[in-house]
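Have a look at the structure below before the remarks.
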Amino acid sequence: MTSRRRIDRSQVTATLVSALIVIVAAVGGSLLLWSVREQLPEVVATHWGPDGNADAFRPVAELYVQNAVVVAVLPLFLLVIGLVTRQGRVMGPISAATAVFMSVVMNGSLWLQRGMTAEQVPDASFDLAMVVASIAAAAVGVLGWLVFRRPRSEAPVPLNIASNAPRLLVDEAVTLAWTGRTRLAPAAIVVLGIGTLATVIPVPLMVASGNWGSAIVMALLAVVIAVLGLAMAANVAVDARGVRARALGFIPWADVPMQTIAGATVKNVNPLGDFGGWGLRAGFNGERGLITSGGPALRIDRGDQGPFLITLSDAEAAAATLNTLLARREGHDERQ
(Lines give C-alpha, C1' and ligand atoms only; values in the text may rest on other atoms or scores of the structure.)
Protein backbone atom coordinates (compact mmCIF):
# COMPACT_ATOMS: atom_id res chain seq x y z
CA MET A 1 0.00 0.00 0.00
CA THR A 2 2.84 2.38 0.90
CA SER A 3 4.56 1.70 -2.44
CA ARG A 4 1.35 2.33 -4.39
CA ARG A 5 0.76 5.65 -2.61
CA ARG A 6 4.36 6.67 -3.34
CA ILE A 7 3.94 5.81 -7.03
CA ASP A 8 0.67 7.77 -7.19
CA ARG A 9 2.27 10.83 -5.57
CA SER A 10 5.11 10.76 -8.10
CA GLN A 11 2.59 10.64 -10.95
CA VAL A 12 0.72 13.61 -9.51
CA THR A 13 3.94 15.56 -8.88
CA ALA A 14 5.09 15.03 -12.47
CA THR A 15 1.67 16.13 -13.73
CA LEU A 16 1.53 19.26 -11.57
CA VAL A 17 5.05 20.39 -12.45
CA SER A 18 4.37 19.78 -16.14
CA ALA A 19 1.06 21.67 -15.90
CA LEU A 20 2.96 24.63 -14.44
CA ILE A 21 5.39 24.54 -17.39
CA VAL A 22 2.45 24.42 -19.81
CA ILE A 23 0.82 27.46 -18.18
CA VAL A 24 4.09 29.39 -18.12
CA ALA A 25 4.69 28.58 -21.80
CA ALA A 26 1.15 29.59 -22.78
CA VAL A 27 0.81 32.75 -20.70
CA GLY A 28 4.48 33.74 -20.81
CA GLY A 29 4.63 33.56 -24.61
CA SER A 30 1.58 35.79 -24.98
CA LEU A 31 2.87 38.26 -22.39
CA LEU A 32 6.21 38.47 -24.20
CA LEU A 33 4.33 39.20 -27.40
CA TRP A 34 2.17 41.78 -25.62
CA SER A 35 5.30 43.51 -24.30
CA VAL A 36 6.40 44.36 -27.86
CA ARG A 37 2.92 45.15 -29.20
CA GLU A 38 3.95 48.71 -30.12
CA GLN A 39 6.62 47.31 -32.45
CA LEU A 40 4.37 44.81 -34.23
CA PRO A 41 2.48 45.56 -37.47
CA GLU A 42 -1.31 45.60 -37.19
CA VAL A 43 -1.59 42.53 -39.43
CA VAL A 44 0.98 39.75 -39.07
CA ALA A 45 1.83 36.55 -40.92
CA THR A 46 0.55 33.49 -39.01
CA HIS A 47 1.13 30.57 -41.37
CA TRP A 48 3.74 29.55 -43.92
CA GLY A 49 3.53 27.06 -46.76
CA PRO A 50 6.08 24.34 -47.63
CA ASP A 51 7.92 26.84 -49.81
CA GLY A 52 8.51 29.07 -46.79
CA ASN A 53 6.24 31.87 -48.01
CA ALA A 54 3.60 33.35 -45.70
CA ASP A 55 0.11 32.35 -46.84
CA ALA A 56 -2.15 33.44 -43.95
CA PHE A 57 -2.43 36.75 -42.07
CA ARG A 58 -4.32 37.91 -38.97
CA PRO A 59 -4.72 41.13 -36.96
CA VAL A 60 -2.17 40.86 -34.15
CA ALA A 61 -4.72 42.12 -31.59
CA GLU A 62 -6.64 38.84 -31.97
CA LEU A 63 -3.67 36.65 -31.19
CA TYR A 64 -2.57 37.50 -27.65
CA VAL A 65 -5.34 35.54 -25.92
CA GLN A 66 -5.89 33.08 -28.77
CA ASN A 67 -2.26 31.91 -28.78
CA ALA A 68 -2.33 31.34 -25.01
CA VAL A 69 -5.48 29.21 -25.28
CA VAL A 70 -4.23 27.19 -28.26
CA VAL A 71 -0.85 26.52 -26.62
CA ALA A 72 -2.49 25.32 -23.39
CA VAL A 73 -5.41 23.16 -24.58
CA LEU A 74 -3.66 20.17 -26.20
CA PRO A 75 -0.86 19.80 -23.60
CA LEU A 76 -3.34 20.02 -20.71
CA PHE A 77 -5.48 17.38 -22.41
CA LEU A 78 -2.40 15.13 -22.65
CA LEU A 79 -1.80 15.65 -18.93
CA VAL A 80 -5.34 14.52 -18.14
CA ILE A 81 -4.75 11.39 -20.23
CA GLY A 82 -1.56 10.78 -18.26
CA LEU A 83 -3.39 10.97 -14.94
CA VAL A 84 -6.24 8.73 -16.07
CA THR A 85 -3.86 6.08 -17.42
CA ARG A 86 -1.46 6.45 -14.46
CA GLN A 87 1.33 7.55 -16.78
CA GLY A 88 1.99 11.04 -15.46
CA ARG A 89 5.76 10.55 -15.58
CA VAL A 90 5.53 9.82 -19.31
CA MET A 91 2.85 12.26 -20.44
CA GLY A 92 4.17 15.11 -18.26
CA PRO A 93 7.42 15.69 -20.18
CA ILE A 94 5.62 15.14 -23.50
CA SER A 95 2.99 17.75 -22.58
CA ALA A 96 5.55 20.28 -21.37
CA ALA A 97 7.69 19.86 -24.50
CA THR A 98 4.62 20.21 -26.72
CA ALA A 99 3.60 23.45 -25.01
CA VAL A 100 7.10 24.91 -25.30
CA PHE A 101 7.32 24.01 -28.98
CA MET A 102 3.92 25.51 -29.80
CA SER A 103 4.55 28.67 -27.80
CA VAL A 104 7.94 29.37 -29.34
CA VAL A 105 6.72 28.68 -32.89
CA MET A 106 3.47 30.66 -32.60
CA ASN A 107 4.69 33.61 -30.56
CA GLY A 108 8.30 33.57 -31.74
CA SER A 109 7.30 33.80 -35.41
CA LEU A 110 5.25 36.90 -34.57
CA TRP A 111 7.95 38.38 -32.33
CA LEU A 112 10.36 38.19 -35.30
CA GLN A 113 8.06 40.55 -37.24
CA ARG A 114 8.84 43.48 -34.92
CA GLY A 115 9.49 46.68 -36.80
CA MET A 116 8.16 45.37 -40.11
CA THR A 117 5.94 47.44 -42.34
CA ALA A 118 2.76 46.07 -43.94
CA GLU A 119 4.71 45.60 -47.16
CA GLN A 120 7.45 43.58 -45.43
CA VAL A 121 5.16 41.19 -43.55
CA PRO A 122 4.56 38.83 -46.53
CA ASP A 123 8.34 38.27 -46.65
CA ALA A 124 8.56 37.31 -42.96
CA SER A 125 10.24 34.00 -42.15
CA PHE A 126 9.62 31.60 -39.30
CA ASP A 127 12.84 29.54 -39.77
CA LEU A 128 14.52 30.83 -36.62
CA ALA A 129 11.41 30.28 -34.54
CA MET A 130 11.14 26.68 -35.79
CA VAL A 131 14.77 25.87 -34.99
CA VAL A 132 14.66 27.46 -31.53
CA ALA A 133 11.33 25.77 -30.78
CA SER A 134 12.70 22.35 -31.73
CA ILE A 135 15.80 22.76 -29.56
CA ALA A 136 13.82 24.13 -26.60
CA ALA A 137 11.17 21.41 -26.80
CA ALA A 138 13.79 18.66 -27.01
CA ALA A 139 15.63 20.10 -24.00
CA VAL A 140 12.46 20.36 -21.91
CA GLY A 141 11.29 16.88 -22.89
CA VAL A 142 14.63 15.19 -22.15
CA LEU A 143 15.08 17.07 -18.86
CA GLY A 144 11.55 16.19 -17.78
CA TRP A 145 12.10 12.54 -18.62
CA LEU A 146 15.37 12.45 -16.65
CA VAL A 147 13.73 14.08 -13.62
CA PHE A 148 10.48 12.12 -13.56
CA ARG A 149 11.45 8.71 -14.91
CA ARG A 150 10.83 5.82 -12.55
CA PRO A 151 14.07 4.88 -10.74
CA ARG A 152 15.32 1.49 -11.86
CA SER A 153 15.07 -1.00 -9.03
CA GLU A 154 17.29 -4.06 -8.78
CA ALA A 155 15.89 -5.16 -5.43
CA PRO A 156 14.92 -8.86 -5.45
CA VAL A 157 11.20 -9.60 -5.70
CA PRO A 158 9.45 -12.76 -4.39
CA LEU A 159 8.86 -15.51 -6.92
CA ASN A 160 5.25 -15.60 -8.13
CA ILE A 161 4.95 -18.02 -11.05
CA ALA A 162 1.34 -18.78 -11.95
CA SER A 163 0.35 -22.44 -11.76
CA ASN A 164 -0.66 -22.45 -15.43
CA ALA A 165 2.37 -20.46 -16.60
CA PRO A 166 4.50 -22.22 -19.26
CA ARG A 167 7.68 -24.02 -18.16
CA LEU A 168 10.28 -26.31 -19.70
CA LEU A 169 10.84 -29.91 -18.58
CA VAL A 170 14.64 -30.06 -18.76
CA ASP A 171 17.38 -31.26 -16.50
CA GLU A 172 18.83 -28.60 -14.22
CA ALA A 173 22.29 -29.25 -15.62
CA VAL A 174 21.18 -28.01 -19.04
CA THR A 175 22.14 -24.40 -19.77
CA LEU A 176 19.02 -22.47 -20.72
CA ALA A 177 18.69 -19.41 -22.95
CA TRP A 178 16.23 -18.11 -25.52
CA THR A 179 16.82 -15.61 -28.27
CA GLY A 180 14.35 -14.18 -30.73
CA ARG A 181 13.03 -11.00 -32.30
CA THR A 182 10.09 -8.75 -31.84
CA ARG A 183 7.17 -9.39 -34.16
CA LEU A 184 6.46 -6.51 -36.55
CA ALA A 185 2.93 -5.48 -37.51
CA PRO A 186 2.37 -4.48 -41.16
CA ALA A 187 0.20 -1.58 -39.97
CA ALA A 188 3.07 -0.19 -37.90
CA ILE A 189 5.42 -0.39 -40.88
CA VAL A 190 2.88 1.45 -43.05
CA VAL A 191 2.38 4.20 -40.45
CA LEU A 192 6.13 4.71 -40.02
CA GLY A 193 6.63 4.71 -43.78
CA ILE A 194 3.95 7.34 -44.29
CA GLY A 195 5.41 9.42 -41.47
CA THR A 196 8.89 9.26 -42.99
CA LEU A 197 7.64 10.18 -46.47
CA ALA A 198 5.50 13.02 -45.10
CA THR A 199 8.57 14.61 -43.54
CA VAL A 200 10.99 13.88 -46.40
CA ILE A 201 8.89 15.07 -49.36
CA PRO A 202 8.71 18.78 -48.32
CA VAL A 203 12.48 19.01 -47.68
CA PRO A 204 13.64 19.57 -51.32
CA LEU A 205 10.98 22.25 -51.80
CA MET A 206 12.08 23.99 -48.60
CA VAL A 207 15.73 23.88 -49.67
CA ALA A 208 14.89 25.21 -53.13
CA SER A 209 13.07 28.17 -51.62
CA GLY A 210 15.88 28.90 -49.15
CA ASN A 211 13.79 27.78 -46.18
CA TRP A 212 16.81 26.12 -44.54
CA GLY A 213 15.65 26.16 -40.93
CA SER A 214 12.49 24.21 -41.60
CA ALA A 215 14.31 21.92 -44.03
CA ILE A 216 16.86 20.94 -41.38
CA VAL A 217 14.17 20.33 -38.76
CA MET A 218 12.09 18.20 -41.15
CA ALA A 219 15.13 16.23 -42.31
CA LEU A 220 16.16 15.46 -38.74
CA LEU A 221 12.60 14.44 -37.92
CA ALA A 222 12.58 12.09 -40.91
CA VAL A 223 15.83 10.50 -39.73
CA VAL A 224 14.42 10.01 -36.22
CA ILE A 225 11.24 8.39 -37.56
CA ALA A 226 13.23 6.11 -39.88
CA VAL A 227 15.62 5.02 -37.11
CA LEU A 228 12.77 4.33 -34.71
CA GLY A 229 11.03 2.33 -37.43
CA LEU A 230 14.12 0.18 -38.02
CA ALA A 231 14.56 -0.20 -34.25
CA MET A 232 11.14 -1.84 -33.95
CA ALA A 233 12.89 -5.04 -35.08
CA ALA A 234 14.71 -5.75 -31.83
CA ASN A 235 16.76 -8.73 -30.72
CA VAL A 236 15.52 -10.20 -27.44
CA ALA A 237 17.48 -12.52 -25.13
CA VAL A 238 16.29 -14.47 -22.08
CA ASP A 239 18.98 -16.10 -19.95
CA ALA A 240 20.20 -16.39 -16.37
CA ARG A 241 20.90 -12.64 -16.27
CA GLY A 242 17.32 -11.66 -17.13
CA VAL A 243 15.58 -10.25 -20.21
CA ARG A 244 17.22 -7.84 -22.62
CA ALA A 245 15.95 -6.19 -25.82
CA ARG A 246 18.36 -4.37 -28.14
CA ALA A 247 17.94 -2.79 -31.57
CA LEU A 248 20.46 -1.63 -34.18
CA GLY A 249 23.24 -2.46 -31.74
CA PHE A 250 22.86 0.72 -29.69
CA ILE A 251 19.21 1.15 -28.63
CA PRO A 252 18.53 -0.60 -25.29
CA TRP A 253 14.75 -0.99 -25.32
CA ALA A 254 14.66 -3.13 -22.18
CA ASP A 255 16.98 -4.61 -19.55
CA VAL A 256 15.19 -6.48 -16.76
CA PRO A 257 17.55 -8.19 -14.26
CA MET A 258 16.56 -11.70 -13.21
CA GLN A 259 16.27 -10.86 -9.51
CA THR A 260 13.61 -8.22 -10.26
CA ILE A 261 11.32 -10.70 -12.06
CA ALA A 262 8.58 -12.55 -10.16
CA GLY A 263 7.23 -14.60 -13.07
CA ALA A 264 6.23 -14.62 -16.71
CA THR A 265 3.05 -15.30 -18.65
CA VAL A 266 1.79 -14.83 -22.19
CA LYS A 267 -0.80 -12.17 -22.91
CA ASN A 268 -2.57 -11.19 -26.12
CA VAL A 269 -2.28 -7.47 -26.75
CA ASN A 270 -4.00 -4.97 -29.00
CA PRO A 271 -1.50 -2.16 -29.76
CA LEU A 272 -4.12 0.53 -30.37
CA GLY A 273 -6.72 -0.65 -27.86
CA ASP A 274 -4.31 -1.43 -24.99
CA PHE A 275 -1.39 0.94 -25.61
CA GLY A 276 -2.55 3.59 -28.08
CA GLY A 277 0.02 2.64 -30.70
CA TRP A 278 3.35 0.91 -31.35
CA GLY A 279 6.79 1.32 -29.84
CA LEU A 280 7.95 1.69 -26.25
CA ARG A 281 4.52 2.36 -24.79
CA ALA A 282 2.68 2.98 -21.55
CA GLY A 283 -0.64 1.13 -21.46
CA PHE A 284 -4.00 2.48 -20.36
CA ASN A 285 -3.99 0.06 -17.40
CA GLY A 286 -0.54 1.01 -16.10
CA GLU A 287 1.40 -1.68 -18.01
CA ARG A 288 4.47 -0.77 -20.04
CA GLY A 289 6.06 -2.57 -22.93
CA LEU A 290 7.82 -2.78 -26.25
CA ILE A 291 4.78 -3.18 -28.47
CA THR A 292 5.51 -3.86 -32.13
CA SER A 293 2.42 -5.83 -33.14
CA GLY A 294 -0.80 -7.36 -31.91
CA GLY A 295 -1.08 -10.90 -30.59
CA PRO A 296 0.92 -12.87 -28.01
CA ALA A 297 3.41 -10.98 -25.86
CA LEU A 298 5.80 -12.00 -23.11
CA ARG A 299 4.42 -10.44 -19.92
CA ILE A 300 7.13 -9.99 -17.27
CA ASP A 301 5.86 -9.58 -13.69
CA ARG A 302 8.16 -7.10 -11.93
CA GLY A 303 6.31 -6.78 -8.62
CA ASP A 304 5.76 -3.18 -7.54
CA GLN A 305 7.53 -1.92 -10.69
CA GLY A 306 4.58 -3.13 -12.76
CA PRO A 307 4.43 -5.55 -15.71
CA PHE A 308 6.55 -5.14 -18.82
CA LEU A 309 5.44 -6.70 -22.11
CA ILE A 310 7.34 -7.55 -25.29
CA THR A 311 5.58 -8.77 -28.43
CA LEU A 312 7.65 -11.69 -29.69
CA SER A 313 7.65 -14.20 -32.52
CA ASP A 314 7.46 -17.03 -29.92
CA ALA A 315 6.26 -15.52 -26.64
CA GLU A 316 5.30 -18.95 -25.25
CA ALA A 317 8.86 -20.29 -25.53
CA ALA A 318 10.32 -17.11 -24.05
CA ALA A 319 7.94 -17.27 -21.08
CA ALA A 320 8.65 -20.97 -20.53
CA THR A 321 12.40 -20.37 -20.56
CA LEU A 322 12.13 -17.45 -18.16
CA ASN A 323 9.89 -19.30 -15.69
CA THR A 324 12.22 -22.30 -15.69
CA LEU A 325 15.21 -20.06 -15.00
CA LEU A 326 13.28 -18.34 -12.21
CA ALA A 327 12.37 -21.67 -10.61
CA ARG A 328 16.04 -22.68 -10.74
CA ARG A 329 17.01 -19.44 -9.05
CA GLU A 330 14.47 -20.02 -6.28
CA GLY A 331 15.72 -23.56 -5.75
CA HIS A 332 19.30 -22.35 -5.61
CA ASP A 333 18.42 -19.64 -3.06
CA GLU A 334 16.63 -22.20 -0.86
CA ARG A 335 19.67 -24.50 -0.90
CA GLN A 336 21.83 -21.57 0.12
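The values are calculated or read from the model by the stated rules, or taken from the named source; none is laboratory data. This one's a predicted model, so the numbers in the text were calculated from it and none came from an experiment. Don't worry about glycine lacking a Cβ; one is built from the backbone with ideal geometry, like all the others, and counts go over all protein chains shown. Just the protein is used for accessible areas: all its heavy atoms, side chains included, with ligands, DNA and RNA removed. Shrake-Rupley method; radii C 1.70, N 1.55, O 1.52, S 1.80 Å.
Some notes on this structure:
- Boolean, Thr85 is farther than 19 Å from Ala136 by Cβ, at pLDDT 85 or above and hydroxyl-bearing (Ser, Thr, Tyr): no
- One residue from Gly213, Gly180 being touching a residue at least 60 places away in the same chain (Cβ under 8 Å), among the small types (Gly, Ala, Ser) and closer than 30 Å to Ala319 by Cβ: Gly180
- Taking the listed residues Leu33, Leu79, the one that is in a helix (DSSP H, G or I), open to solvent by less than 30 Å² (accessible area, probe 1.4 Å), in contact with a helix residue (DSSP H, G or I) (Cβ under 7 Å, 6 or more places away or on another chain) and over 30 Å from Ser209 (Cβ atoms) is Leu79, with no other qualifying.
- Subset of the stretch 199-232 that is open to solvent by less than 50 Å² (accessible area, probe 1.4 Å) and outside any helix (DSSP H, G or I) - its residue that is farthest from Ile251 (Cα to Cα): Gly210
- From the options Ala61, Ala19, Ala26, residue that is small (Gly, Ala, Ser), at pLDDT 90 or above, in a helix (DSSP H, G or I) and loosely packed, with under 14 Cβ neighbours inside 10 Å: Ala61
- Residue match in the stretch 268-282 (condition: open to solvent by less than 40 Å² (accessible area, probe 1.4 Å), under 18 Å from the mean Cα position of the chain (by Cα) and under 21 Å from Gly180 (Cα atoms)): yes
- From the list Ala129, Ala139, Ala124, the lone residue that is crowded, with 16+ Cβ neighbours inside 10 Å, out of contact with any Ser or Thr (no Cβ under 6 Å at 6 or more places or on another chain), at pLDDT 85 or above and not polar (S, T, N, Q) is Ala124.
- Scanning the stretch 82-116 for residues that are out of contact with any Gly (no Cβ under 7 Å at 6 or more places or on another chain), in a loop (DSSP other than H, G, I, E, B) and of a type in the set (D, E, K, R) turns up just one, Arg114.
- Just one of the numbered conditions (1) surrounded by fewer than 21 Cβ atoms within 10 Å (Cβ to Cβ); (2) touching a Phe, Trp or Tyr at 6+ places or on another chain (Cβ under 9 Å) is not true of Leu322: (1).
- Of the residues contained in the stretch 146-155, one or more are found to be among the hydroxyl-bearing types (Ser, Thr, Tyr) and farther than 22 Å from Ile216 by Cα.
- Members of the stretch 36-48 found to be farther than 19 Å from Met102 by Cβ and without any contact (Cβ under 8 Å) to a residue 40 or more places away in the chain, listed by number: Arg37, Glu38
- Meets criteria (open to solvent by 80 Å² or more (accessible area, probe 1.4 Å) and outside any helix (DSSP H, G or I)) for Asp51: no
- Flag for Pro307 being touching an Asp or Glu at 6+ places or on another chain (Cβ under 8 Å) and modelled with pLDDT of 85 or more: yes
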